[in-house]
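> Before anything else, here's the structure in question.
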Amino acid sequence: MRTRIPAVTSKDGTKVAYDKLGDGPLVILVLGALNSRKSGAKLAGLLASRFTVISYDRRGRGDTKDSAPYSPQREVEDLAALIDEVGGPACLYGHSSGAAIALEAANKLARRVRKLAIYEAPYALDADARKAAREYDRQLKKLLASGRNGDAVALFIKVVGVSDKQIQAMTKMPIWRGLEAMAPTLAHESDVLGRSHSLPNSLLAGITTPTLVMHGGAGTPSMRDAAQALSRAIPNAQLRTLAGQTHGVRPRALAPVLAEFFE
């Protein structure tokens, strides 16, 4: 018999599945592309001695359906529903494109978000990067419209630095089928980052929540530059480099930094 999975009903009626761990001030993990709530389990476990930690399935992942039409605003409403269900205010941690959702939520939900931490939000800062983002968006949505989910996943992971040889190896692993199932949400990730994945300066200027902007010391220069730009654009932000970390930041390196900031 399958265990009943906790879920909260969002404003549009979508049931958002989540896991809750620990006790203390509320922390919600907003994860990025091709991640389900299970991806946050290790980080949640490390924070649970001091916080109530929510890891949830964003729309189209795991046990949360992908209700149409999609809008980034619906994802903010999902967070609002989680905060109201568990009891806020909440601290939000957003990773990669999940950071864009967390930024939107901090702007729109105001006092319901106590603190905000983001790691390597992949915004495009220069003209060449924005052009590449538009071309990626075009190719991605063309593949998805043709039902070529595997090719869409391959396109995404190649863009983030995975080699063709590594992609070929991944297609033979059990995980690949799960990635294909989540492939339609890659279009959402692109939409969340906005047109050309440009830095949303007007939105950032309106965020008054204390914010920690992080990037990996062993990551790419583009992620470093985006973090620096974000820390300058958000009025009450601080910048921190996590030494030795890449885009796939290790939970054991991240957890103590979040715990210190969220206290």
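> Being at pLDDT 95 or above and open to solvent by 60 Å² or more (accessible area, probe 1.4 Å) is the filter here; which residues of the stretch 223-245 pass it?
Arg224, Gln228, Arg232, Pro235, Gln238, Leu239, Arg240, Thr241, Ala243
> What pairs can you find where one residue is in the stretch 43-54 and surrounded by 17 or more Cβ atoms within 10 Å (Cβ to Cβ), the other is of a type in the set (Lys, Arg), and their Cβ atoms are less than 7 Å apart, with a gap of 6+ or different chains?
Leu46/Arg252; Thr52/Lys20; Ile54/Lys20
> Any residue at all in the stretch 179-193 that's acidic (Asp, Glu), without any contact (Cβ under 8 Å) to a residue 60 or more places away in the chain and in contact with a Lys or Arg (Cβ under 9 Å, 6 or more places away or on another chain)?
no
Each row is one residue, and each column tells you yes or no for (1) polar (S, T, N, Q); (2) modelled with pLDDT under 95; (3) closer than 22 Å to Met182 by Cα; (4) open to solvent by less than 50 Å² (accessible area, probe 1.4 Å).
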| residue | (1), (2), (3), (4) |
| --- | --- |
| Lys11 | no, no, no, no |
| Val27 | no, no, no, yes |
| Ala41 | no, no, yes, no |
| Tyr56 | no, no, yes, yes |
| Pro69 | no, yes, yes, no |
| Arg74 | no, no, yes, no |
| Asp78 | no, no, yes, yes |
| Ala81 | no, no, no, yes |
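Table: residues versus (1) touching a Pro at 6+ places or on another chain (Cβ under 6 Å); (2) at pLDDT 95 or above; (3) open to solvent by less than 30 Å² (accessible area, probe 1.4 Å); (4) not in a loop (DSSP other than H, G, I, E, B).
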position	(1), (2), (3), (4)
Ala132	no, yes, no, yes
Gln139	no, yes, no, yes
Gly147	no, yes, no, no
Asp151	no, yes, no, yes
Leu155	no, yes, no, yes
Gly161	no, no, no, no
Gln168	no, no, no, yes
Glu180	no, yes, no, yes
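> Looking at (1) out of contact with any Lys or Arg (no Cβ under 9 Å at 6 or more places or on another chain); (2) part of a helix (DSSP H, G or I); (3) modelled with pLDDT of 95 or more, which one does Arg252 not meet, given that it meets all the others?
Failing condition for Arg252: (1).
The values are calculated or read from the model by the stated rules, or taken from the named source; none is laboratory data. As the structure is a prediction and not an experimental result, all values here were calculated from the model. Every residue, glycine as well, gets a Cβ built from its backbone with ideal geometry; the counts of neighbours run over all protein chains shown. Note: areas computed on protein heavy atoms with side chains; ligands, DNA, RNA excluded. Shrake-Rupley method; radii C 1.70, N 1.55, O 1.52, S 1.80 Å.
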